[in-house]
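Participant: The structure follows.
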Amino acid sequence: MSATSAPVAIIMGSRSDWPTLKGAAESLDALGVAYEAKVISAHRTPDRMYAFAKGAKAAGFKVIIAGAGGAAHLPGMTASLTELPVLGVPVQSKALSGLDSLLSIVQMPAGIAVGTMAIGEAGAKNAGLMAAQILALSDPALAQRLADHRARHSQAVSETVED
Ligand code: RP5
């Protein structure tokens with residue numbers, strides 16, 4: 001895998017996951033954090049998943065956001081192949097509304113960690129924020145942008161119930 005200047009990789013099992021995972025991209029855009037987005041399926045492109053996960057740290061990535069739906073083994077399999085932190089986003093499935101995705105990602109046996117987010121767009125947006133928070137531990141300028149972002153988020157909440 002070629003070197004990257006983006007600290008975050010957003011990977012997903014299908015192009016059909018992008019409408020959900022772009023929530024993570026939007027959070028990262030808002031905070032000025034670069035990312036690369038790729039379609040990598042654990043069961044349809046296992047060799048691509050293996051090559052990506054094994055090479056991700058050496059390529060320069062610091063955090064991986066992995067989204068998938070249904071039998072969503074992409075986050076756990078990726079986490080098993082890299083020491084980088086992996087944030088799993090359960091994509092809302094047609095059959096079970098994402099409960100299948102959630103349980104597939106969240107129930108990791110002890111020993112390999114995946115940080116599991118909420119189902120769907122909220123989970124993807126929060127995955128972007130969490131990735132930025134991890135990076136901000138060693139990036140004071142990003143920490144300040146995060147603090148400003150939170151302040152704006154808070155200020156947007158009106159105390160009154162009517163306009
Ligand atoms: C999973 O199957 C993907 O993560 C996606 O959420 C789901 C459906 O994929 P498509 O059939 O739309 O490609 O692997």
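Participant: Can you sort ASP100, ASP47, ASP163 by how many other beta carbons sit within 10 Å, fewest first?
Facilitator: Listed from fewest to most nearby Cβ atoms, that is ASP163, ASP47, ASP100.
Participant: While we're here: Taking Cα centroids, how far is the stretch 107-163 from the stretch 68-104 in Å?
Facilitator: Measuring centre to centre over Cα atoms gives 19 Å.
Participant: Quick one: THR82, THR20, fewest Cβ neighbours within 10 Å first, how do they rank? All intermediate terms of the calculation are to be shown ahead of the outcome.
Facilitator: On the way: THR82 18, THR20 25.
The order, fewest Cβ neighbours first, is THR82, THR20.
Participant: Going by C-beta contacts inside 10 Å, put LYS54, LYS125, LYS38, LYS22 in order with the fewest on the left.
Facilitator: Placing the least packed residue first, the sequence is LYS38, LYS54, LYS22, LYS125.
Participant: While we're looking at this one, here's another question. Would you tally the net charge around LEU84, using a Cβ to Cβ cut-off of less than 13 Å, leaving LEU84 out, and scoring K and R as +1, D and E as -1?
Facilitator: Numbers: positive: LYS54, LYS57, LYS62; negative: GLU83.
Net charge around LEU84: +2.
Quick note: the coordinates plus some simple rules give every number you see, no bench work behind them. This is a predicted model, so every value here is computed, not measured. Neighbour counts run over all protein chains shown; Cβ positions are idealised from the backbone, glycine included.
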